[in-house]
Amino acid sequence: MQKNILLLFMISVEQLTVEFGGSPLFDEISFLVNARDRIALVGKNGAGKTTLLKIFAGKQLPTRGRVSIPKDLTIGYLPQHMIHDEGTTVMQEAEKAFEHITDLQEAIERMSAELANRTDYESAEYHLLIDKLTHTTEHLQIIGNGNFYAEIEKTLLGLGFLRSDFDRLCSEFSGGWRMRIELAKILLQRPDLLLLDEPTNHLDIESIQWLENFLITSGSAVILVSHDRAFIDAVTQRTIEISLGRIYDYNVNYSKYVELRKERHEQQLRAYDNQQKMIQDTEEFIERFRYKATKSVQVQSRIKQLEKLERLEVDVEDNSRLSLKFQPAVHSGIIPVEIEQLTKAYGEHVVLENTNLIINRGEKVAFVGKNGEGKSTLVKCIMGEIDFSGKLKLGHNVKIGYFAQNQASLLDEEKTVFETIDYVAVGDIRTRIRDILGAFMFGGEASDKKVKVLSGGERSRLAMIRLLLEPVNLLILDEPTNHLDMRSKDVLKEAIKAFDGTVIVVSHDREFLDGLVNKVYEFSNRKIREHLGGIYDFLQHKQMDSLRELEINNSKAVIINADKPVSENKLSYEARKEQSRKIRKAEKEVEEIEKMIAGYETELADMNKLLEQPEYASDNGFILDYQRKQRELEHKMYEWEILSEELENLKNELN
């Protein structure tokens, strides 16, 4: 029965209720998660998105209701925060993704030994054991014949690690980088269902676009919480909104959902207004005729009507769009930032070398590139926080407003959220402090919390509001959107667009940068290259679909000076001979797997014809076999992609 259920859905949610302190977070919600669904969970912070993921992952129990998950369904869960293992290298930690292979091998040995000792050859249990052994053996062949290290390497490189990082201890990396290691382990396990809670917060643009492609082509179902609009738009094709304890299910991607949600909200408002008018009319009737004996029956009827009425609720924060404007920037020199021949090294490691850069007054520019290429380092040079060689000049009367992660730690912990903002707000904006706080998720009682009880993310958001209310003419924002929801990001983006000063944004959020910046500085190989236009103009100019190709292009040359690349691929005779041997081996592997794929395709074509006949179409065993072969074909296609890419890389290294 369980397998038949699996044909229809992966997870069934029935009348799910979750309460905190007597207040419902979810109120009897029901929906299905189907195989291959890629779902975006959306809603305000605190709506219950993370709670729902925890319930699916088995980390939290609901108050009431039922969540049905097949026993053999594999789930990979990436929470926002986790405790990281210490004492292992990056490669050793990633290898843990394949520990299940040992479990499968042991299970096969146990089942084989049991079959050898049994004599009930005609029993249903015996045949069930054979089927289970066959399925397990085939599953092991599917996941166990590939080159694990190639797969691990491809995944780690895609998530931004260097090969030189593989043997470094995990403890040497920041929390964000260790989160990438956990993400790599989950992706390598190829679970049936991926639960990802804000996976892009610690990724750069290249890694985000690599992850996009991985999720789209992986074949796993995905339930995703993210405030990166471009990312969820690319990955998901179904959107589930959590609002006021209910869910609204849209079988469309995020952009289309926004349109449909606007229509639904307008309908809700009309229904709410109509109900409010009906309630008011009814209450007026009751009050008018309460003491008239001739109207007592009608009055009692109206009272009961109101008691039974299911009151409509509308998310009041959606009624209007907050527009936040800042005071005009103090006039600065024509060139706020001028850099000549700047070089910065940490010991022997050179991050920036002979860098030249000019930012003009009023420009809004983006710093992009892989993590570790020097974006934040240059920002720290501009701020005067670190030493460097070369020339860096700030223009006349430049007043900098700087946002970085450590800004949150500089807030006065004894002040409330409201007092923190009231302290720096001036002019008319002081009358709208609570509206501003609400837009940045500090509405209602949250504005009266003391800073010392806020989480790290809440402190970061508060520091952002405080910064943007100060009179400055050069804003430097280092990953400003990591802890903002989409509404808050929209507010921030519009405010920066209207800001008449100069802006430098270090960000991996393409949608946030789109329409905001008019120049992009690309950081790679210790150099900075200027690209005129917005972020998507930059991508188009580079003639690539994603910034991940920067890594491929830049890894083919080592920059000795600004104009003279020297090839790394010049191989000796012995090295070329060994490379040729590897190519022949890779070609043979590709040829073998292509034959296997052709065999599966032929089998499935024959089975497709049989499915046209009613007796096969209603045969659950036949359908299960058909789906198993489909999954095996998908796995072989994935192996073929990896092996083909390895072969192409080997040939490129030889040429």
Q) What residues from the range 168-211 fall in the zone where the backbone N is under 15 Å from a label point 7 Å along the Cα-to-C-beta line of residue 642? A) 184-191
Q | residue 163 - accessible surface, heavy atoms, 1.4 Å probe, Å² rounded to 10 | A | 140 Å²
Q.
If I stretch the segment between residue 266 and residue 363 completely, what's the gain in nm (0.36 nm per residue apart, minus their alpha carbon distance), one decimal?
A. 31.1 nm
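Applying 1/(1 + (r/R0)^6) with R0 = 51 Å to the Cβ-Cβ distance of residue 448 and residue 169, what FRET efficiency is obtained, to the nearest 0.05? Don't jump to the answer; show the numbers that get you there.
On the way: r = 44 Å, r/R0 = 0.86.
Here the calculated transfer efficiency is 0.70.
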**Q.** the range 271-285 - phi-based ³J(HN,Hα) in whole Hz, Karplus 6.51/-1.76/1.60, Gly and Pro as x
**A.** 5, 5, 4, 4, 5, 4, 5, 4, 4, 4, 4, 5, 5, 5, 4
Q. At what distance in nm do the modelled label points of residue 248 and residue 96 sit from each other, each positioned 7 Å from its Cα along Cα→Cβ?
A. 4.1 nm
Q | Sorted peptide list for 42-55, 248-261, criterion being average Cβ within 10 angstrom, highest first | A | 42-55, 248-261
**Q.** For residue 342, net neighbour charge (Lys/Arg +1, Asp/Glu -1) across residues whose Cβ lies under 13 Å away
**A.** +2
Q) By how many nm would the segment from residue 399 to residue 105 grow when fully extended, if each residue of separation counts as 0.36 nm and the alpha-carbon distance is taken off? A) 99.4 nm
Q: Starting from the exponent 0.38 and prefactor 2.2 Å, build the expected Rg for the range 236-282 from its residue count and divide its actual Cα Rg by it.
A: 1.45
Q. Using the per-residue mean of other Cβ atoms lying within 10 Å as a proxy for protection, in what order, highest first, do the peptides 427-438, 270-281 fall?
A. 427-438, 270-281
Q | GluC sites (Glu not before Pro) within the range 12-101, DSSP loop, no more than 12 other Cβ atoms inside 10 Å | A | 86
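For the chain, what does -39500 (n - 2.57) per DSSP helix run (n ≥ 4), summed and divided by total residues, give at 222 nm, in deg cm²/dmol to the nearest 500? If you can, show how the numbers build up before the last one.
On the way: 22 runs with 301 residues, N = 655.
It lands at -14500 deg cm²/dmol.
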Q. Suppose R0 equals 30 Å; then what is the FRET efficiency for residue 624 and residue 119 from their Cβ-Cβ distance, rounded to the nearest 0.05?
A. 0.60
Q. So, with a 1.4 angstrom probe, what is the percent of accessible area on the chain that is carbon and sulfur?
A. 49 percent
Q. Any idea how far apart residue 497 and residue 580 come out in nm if each label point goes 7 Å out from Cα toward Cβ?
A. 5.9 nm
**Q.** Label-point gap, in nm, between residue 649 and residue 32 - each point 7 angstrom along Cα→Cβ
**A.** 4.1 nm
**Q.** Of 582/629; 344/380; 185/375; 49/452; 344/364, those spanning more than 22 Å from alpha-carbon to alpha-carbon
**A.** 582/629; 185/375; 49/452; 344/364
Q.
How charged is the neighbourhood of residue 238? Take every other residue with its Cβ under 14 Å from the Cβ of residue 238, and add Lys/Arg as +1 and Asp/Glu as -1.
A. 0
Q | Phi to ³J(HN,Hα) by Karplus 6.51 cos²θ - 1.76 cosθ + 1.60 over the range 165-178, Hz, x for Gly, Pro | A | 7, 4, 9, 7, 5, 4, 5, 6, 9, 5, x, x, 6, 5
**Q.** Positive-pole candidate from 451, 501, 404, dipole of the range 391-520, charges at beta carbon
**A.** 501
**Q.** Cβ-based net charge around residue 367, under 15 Å, with every Lys or Arg adding one and every Asp or Glu removing one
**A.** +1
Q. What is the calculated FRET efficiency for residue 12 to residue 356, with r their C-beta to C-beta distance and R₀ = 41 Å, to the nearest 0.05?
A. 0.10
Q. For the range 444-498, which trypsin sites (Lys or Arg not before Pro) are both in a DSSP coil and crowded by at most 15 other Cβ atoms within 10 Å?
A. 449
Q | GluC sites (Glu not before Pro) lying in DSSP loop within the range 407-479, provided at most 12 other Cβ fall within 10 Å | A | 413, 414
Q) When only Cα pairs under 8 Å and 6 or more residues apart are kept, what is the percent relative contact order across the range 121-221? A) 30 percent
**Q.** Charge dipole magnitude, Cβ of K and R +1, D and E -1 - the chain, Cα centre, debye nearest 20
**A.** 2100 debye
(Q) Multiplying the sequence separation of residue 536 and residue 383 by 0.36 nm and subtracting their Cα-Cα distance, what value in nm do you get? (A) 52.2 nm
Q.
With every protein chain kept in place and ligands, DNA and RNA left out, what is the accessible area per residue of the chain? Probe 1.4 Å, answer in Å².
A. 52 Å²
Q: Please report, in Å, the Rg and the Dmax of the chain, where both are computed over Cα atoms only.
A: 29.6, 110
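The values are calculated or read from the model by the stated rules, or taken from the named source; none is laboratory data. Since this is a predicted model, take the numbers as computed values, not measurements. Don't worry about glycine lacking a Cβ; one is built from the backbone with ideal geometry, like all the others, and counts go over all protein chains shown. The protein model used for the area step is the full one, side chains on, heavy atoms only, and it has no ligands, DNA or RNA in it. Shrake-Rupley method; radii C 1.70, N 1.55, O 1.52, S 1.80 Å.
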